[in-house]
Amino acid sequence: TIEFVRATQLQGDEEPSAPPTSTQAQQKESIQAVRRSLPVFPFREELLAAIANHQVLIIEGETGSGKTTQIPQYLFEEGYTNKGMKIACTQPRRVAAMSVAARVAREMGVKFLGNWGVESGVGYSIRFEDCTSERTVLRYMTDGMLLREFLSEPDLASYSVVMVDEAHERTLHTDILFGLIKDVARFRPELKVLVASATMDTARFSTFFDDAPVFRIPGRRFPVDIFYTKAPEADYLEACVVSVLQIHVTQPPGDILVFLTGQEEIEAACEMLQDRCRRLGSKIRELLVLPIYANLPSDMQARIFQPTPPGARKVVVATNIAETSLTIEGIIYVLDPGFCKQKSYNPRTGMESLTVTPCSKASANQRAGRAGRVAAGKCFRLYTAWAYQHELEETTVPEIQRTSLGNVVLLLKSLGIHDLMHFDFLDPPPYETLLLALEQLYALGALNHLGELTTSGRKMAELPVDPMLSKMILASEKYSCSEEILTVAAMLSVNNSIFYRPKDKVVHADNARVNFFLPGGDHLVLLNVYTQWAESGYSSQWCYENFVQFRSMRRARDVREQLEGLLERVEVGLSSCQGDYIRVRKAITAGYFYHTARLTRSGYRTVKQQQTVFIHPNSSLFEQQPRWLLYHELVLTTKEFMRQVLEIESSWLLEVAPHYYKAKELEDPHAKKMPKKIGKTREELG
Ligand code: ADP
Ligand code: MG
């Protein structure tokens, strides 16, 4: 067992003696009655009047008050979509965009199947998945998708309202949207701009938008008792599992929400929970274990919203998505290990990595608040009160200050915004990061020496992927291998969820994975998996037999089809390497020559910055340790690991990026020790 001590209380504005949960009662009422019961409803008229009277309105409201699902509907009912005008509501997360759109479609009683091209008034659009049509006037979309809308419609002329939702999340894309929308609003006085956020940061948003008024939706919050562990927990995953069972056995009814950092962790925790419940059998009441994370298929996502059967308890194991983007009814207990997965970026080395880090105090309090929505709740923090006080940052640093900016700079350049140093940022990115992004885009050939977009840069911006991946796709034309490169690109975009490794069949699963290994490296392994799957007729049985995740493959196929559809726009023809994988590897190198490492006496070092890095143990090259390689991404766990690595030859770097590498820096340190060579090397001969 884990010992918790009760320390503080999150104040509520409702009396603690509230009814247990209203979910079951609500189920019986009509969906319209539920709508009327939301905190935003009494303010409907007042809110619409404020929107009518002001071009920009900041809306602040407790999570779950109805901002995301209700306000766009009010605007629809009020006629803001007359004459086919559209309403955009942005979400930082894809799951939220999908799930909210599905909910709103149900509330409005319109058809919504989550399929491509469904003719409906409500839809969503996320990268590689456009579920809207001409008739879709209510559009939920990721903030990144609205950014891309600027490319085709720089003044957003077909939109009457843009609602930037979850603004407090301060994602990179949301921050860039602020600057662009502020500008558009100046020359489109009829455009309405709403900035919606949980109760954080609203004063800053108001100042940024020339002192726009703030509309507050009073919250409905029950007190939440906060408990801390007595001592730090070494293994928070194990501690989570134990605590959930402890809550389940000792606490009165009410569902549990657990915050973990990502899919792998969530799947592991769910498996452990199910395992232990099975072993306890009928000694405990039924516990429904439900995961929710970005790549979860939508039918599984929907399950978290289904009411808990009487007598049972539900535990939802979620990423940050459940912190403010999604509200699950009936949660009384929150279990918070205090971590989240965060990107960090070092502009000096140009290295971006994804790390599990302690969350901020603001974030911890949002999480705790999720326990007090329907009744008085409890939040169990898997860290000490001292750690909360002394080790957590007050707020999370905005993403723009801890990520690479290549993507966004390319987009802004394509929109004709040249002077990035003076772009209207809510918080500016570090100067060095901006500079490095410009340098990288120059090295990739997207910008010329004056910082202007080149023809190739324009094409790169057309593809909805990172500049390096775009470059790789463009380079496949030269090496006549676009068929293979498209597959690699698609597989990379779903990469960490290809192989399935159930606990009870680890050996079989690992054998199956090794069977896909091809000399050359992980990119070719991905290609191999996809090719064999395609040859099986895209069969789910084949996936099952080979320990490959069918839904990841299906997604890769979707992504591949979309990218293929864009090839014509970027003037790349379809061609195959016919088994000559050197060409595929060279095309990949043409995009990723920035991400290279070489083997030295003391392990791998990145070529330019001389950082120490390691091959991920899952890699097909883990045991071979080739001299030169490139990596797709770095992940910092216990060490700086390179994930998805490909063996290359140093001479290729000179071939694909002669402006970036000099022959001298690619000389092999081991070669120097050898007796003087007779004749000239290939490089010296040119
Ligand atoms: P806010 O944006 O202010 O956080 P929302 O509009 O997201 O609030 O949520 C309002 C209500 O709608 C919540 O009570 C939530 O439980 C409910 N809701 C949202 N999405 C779904 C869904 N997919 N299924 C069932 N209920 C949902
Ligand atoms: Mg919301």
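The values are calculated or read from the model by the stated rules, or taken from the named source; none is laboratory data. In this text, all values refer to a predicted model and were calculated from it rather than measured experimentally. In this analysis, Cβ positions are derived from the backbone assuming ideal geometry, glycine residues included, and neighbour counts consider all displayed protein chains. Only protein heavy atoms, including side chains, enter the accessible area calculation; ligands, DNA and RNA are left aside. Shrake-Rupley method; radii C 1.70, N 1.55, O 1.52, S 1.80 Å.
Only one of the numbered conditions (1) of a type in the set (Ser, Thr, Tyr); (2) closer than 23 Å to Glu323 by Cα; (3) under 27 Å from the mean Cα position of the chain (by Cα) is violated by Tyr228, and that is (3). Is it the case, given these coordinates, that Thr324 is hydroxyl-bearing (Ser, Thr, Tyr), under 30 Å from Gly406 (Cβ atoms), within 22 Å of the chain's Cα centre (by Cα) and at pLDDT 90 or above? Spelling it out, it is not the case that Thr324 is hydroxyl-bearing (Ser, Thr, Tyr), under 30 Å from Gly406 (Cβ atoms), within 22 Å of the chain's Cα centre (by Cα) and at pLDDT 90 or above. For region 205-219, does any single residue satisfy the condition of being closer than 26 Å to Leu335 by Cβ and either in contact with a Cys (Cβ under 6 Å, 6 or more places away or on another chain) or open to solvent by less than 20 Å² (accessible area, probe 1.4 Å) (or both)? Checking region 205-219: not a single residue is closer than 26 Å to Leu335 by Cβ and either in contact with a Cys (Cβ under 6 Å, 6 or more places away or on another chain) or open to solvent by less than 20 Å² (accessible area, probe 1.4 Å) (or both).
One line per residue, one yes/no per condition, for (1) part of a helix (DSSP H, G or I); (2) out of contact with any strand residue (DSSP E or B) (no Cβ under 7 Å at 6 or more places or on another chain); (3) farther than 14 Å from Glu564 by Cβ:
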position	(1), (2), (3)
Gly445	no, yes, yes
Gly451	no, yes, yes
Arg458	yes, yes, yes
Ala461	yes, yes, yes
Val465	no, yes, no
Lys471	yes, yes, yes
Ala475	yes, yes, yes
Ser480	no, yes, yes
Ile485	yes, yes, no
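Scanning region 238-254 for residues that are open to solvent by 30 Å² or more (accessible area, probe 1.4 Å) and out of contact with any Pro (no Cβ under 8 Å at 6 or more places or on another chain) yields Glu238, Val242, Gln246, Val249, Thr250, Gln251, Pro252. Of all the listed residues (Arg127, Arg135, Arg139), the sole one being closer than 25 Å to Ile400 by Cβ and surrounded by fewer than 22 Cβ atoms within 10 Å (Cβ to Cβ) is Arg127. State which residue pairs qualify: first residue over 16 Å from Gly121 (Cα atoms) and inside region 86-107, second residue at pLDDT below 90 and within 10 Å of ligand 1 (Cβ to nearest atom) in any location, beta carbons under 7 Å apart, and separation of 6 or more residues or different chains. Between residues of region 86-107 that are over 16 Å from Gly121 (Cα atoms) and residues that are at pLDDT below 90 and within 10 Å of ligand 1 (Cβ to nearest atom), the close pairs are Gln91/Ser325; Arg93/Ser325; Val95/Gln301; Ala96/Ser325; Ala96/Leu326.
Once region 661-676 is narrowed to residues that are more than 15 Å from Lys608 (Cα to Cα) and modelled with pLDDT of 50 or more, the residue that is most open to solvent (accessible area, probe 1.4 Å) is His670.
Within region 247-263, can one find any residue that is more than 16 Å from ligand 2 (Cβ to nearest atom), in a helix (DSSP H, G or I), within 18 Å of the chain's Cα centre (by Cα) and not small (Gly, Ala, Ser)? Yes.
Inclusion of Leu326 among residues that are on the phi < 0 side of the Ramachandran plot and part of a strand (DSSP E or B) is not warranted. Can you find a residue that is among the small types (Gly, Ala, Ser), closer than 30 Å to Arg551 by Cα and either open to solvent by less than 10 Å² (accessible area, probe 1.4 Å) or within 25 Å of the chain's Cα centre (by Cα) (or both) anywhere in region 352-370? Yes; the residues of region 352-370 include at least one that is among the small types (Gly, Ala, Ser), closer than 30 Å to Arg551 by Cα and either open to solvent by less than 10 Å² (accessible area, probe 1.4 Å) or within 25 Å of the chain's Cα centre (by Cα) (or both).
Does any residue of region 259-270 turn out to be among the β-branched types (Val, Ile, Thr) and under 18 Å from Ala368 (Cα atoms)? The answer is yes, given that some residue of region 259-270 is among the β-branched types (Val, Ile, Thr) and under 18 Å from Ala368 (Cα atoms). When you scan region 187-229, how many residues do you find that are aromatic (Phe, Trp, Tyr), more than 15 Å from ligand 1 (Cβ to nearest atom) and in contact with a helix residue (DSSP H, G or I) (Cβ under 8 Å, 6 or more places away or on another chain)? Count: 4. Would you check if there is a residue in region 398-416 being in a loop (DSSP other than H, G, I, E, B), open to solvent by 10 Å² or more (accessible area, probe 1.4 Å) and closer than 25 Å to Ile247 by Cα? Looking through region 398-416, none of the residues is in a loop (DSSP other than H, G, I, E, B), open to solvent by 10 Å² or more (accessible area, probe 1.4 Å) and closer than 25 Å to Ile247 by Cα. Just one of the numbered conditions (1) closer than 30 Å to Phe550 by Cα; (2) within 16 Å of ligand 2 (Cβ to nearest atom); (3) not basic (Lys, Arg) is not true of Glu329: (1).
In region 30-51, the residues that are without any contact (Cβ under 8 Å) to a residue 60 or more places away in the chain form Cβ pairs under 7 Å with partners that are assigned to a loop (DSSP other than H, G, I, E, B) and among the acidic types (Asp, Glu), at six or more places apart or across chains, as follows: Leu48/Glu78.
Rundown of residues vs (1) open to solvent by 10 Å² or more (accessible area, probe 1.4 Å); (2) within 12 Å of ligand 2 (Cβ to nearest atom), yes/no style:
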{"residue": "Gly64", "(1), (2)": "yes, yes"}
{"residue": "Thr68", "(1), (2)": "yes, yes"}
{"residue": "Gln73", "(1), (2)": "no, no"}
{"residue": "Phe76", "(1), (2)": "yes, no"}
{"residue": "Gly79", "(1), (2)": "yes, no"}
{"residue": "Asn82", "(1), (2)": "yes, no"}
{"residue": "Gln91", "(1), (2)": "no, yes"}
{"residue": "Val104", "(1), (2)": "no, yes"}
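On the stretch given as region 256-305, residues that are modelled with pLDDT of 90 or more and open to solvent by 70 Å² or more (accessible area, probe 1.4 Å) total 6. What are the residues in region 475-506 that are modelled with pLDDT of 95 or more and over 25 Å from the mean Cα position of the chain (by Cα), if any? Matches in region 475-506: Ala475, Ser476, Glu477, Lys478, Tyr479, Ser480, Cys481, Ser482, Glu483, Glu484. When region 538-553 is filtered for residues that are assigned to a helix (DSSP H, G or I), under 16 Å from Val525 (Cα atoms) and not hydroxyl-bearing (Ser, Thr, Tyr), the ones remaining, listed by number, are Cys543, Met553. Taking the numbered list (1) at pLDDT 95 or above; (2) more than 15 Å from ligand 1 (Cβ to nearest atom); (3) of a type in the set (S, T, N, Q) in turn, Thr81 passes all entries but (1).
If we scan region 187-194, do we find a residue that is buried (at least 19 other Cβ atoms within 10 Å of the Cβ), within 16 Å of ligand 2 (Cβ to nearest atom) and in contact (Cβ under 8 Å) with a residue 60 or more places away in the chain? So far as region 187-194 goes, yes, one or more of its residues are buried (at least 19 other Cβ atoms within 10 Å of the Cβ), within 16 Å of ligand 2 (Cβ to nearest atom) and in contact (Cβ under 8 Å) with a residue 60 or more places away in the chain.
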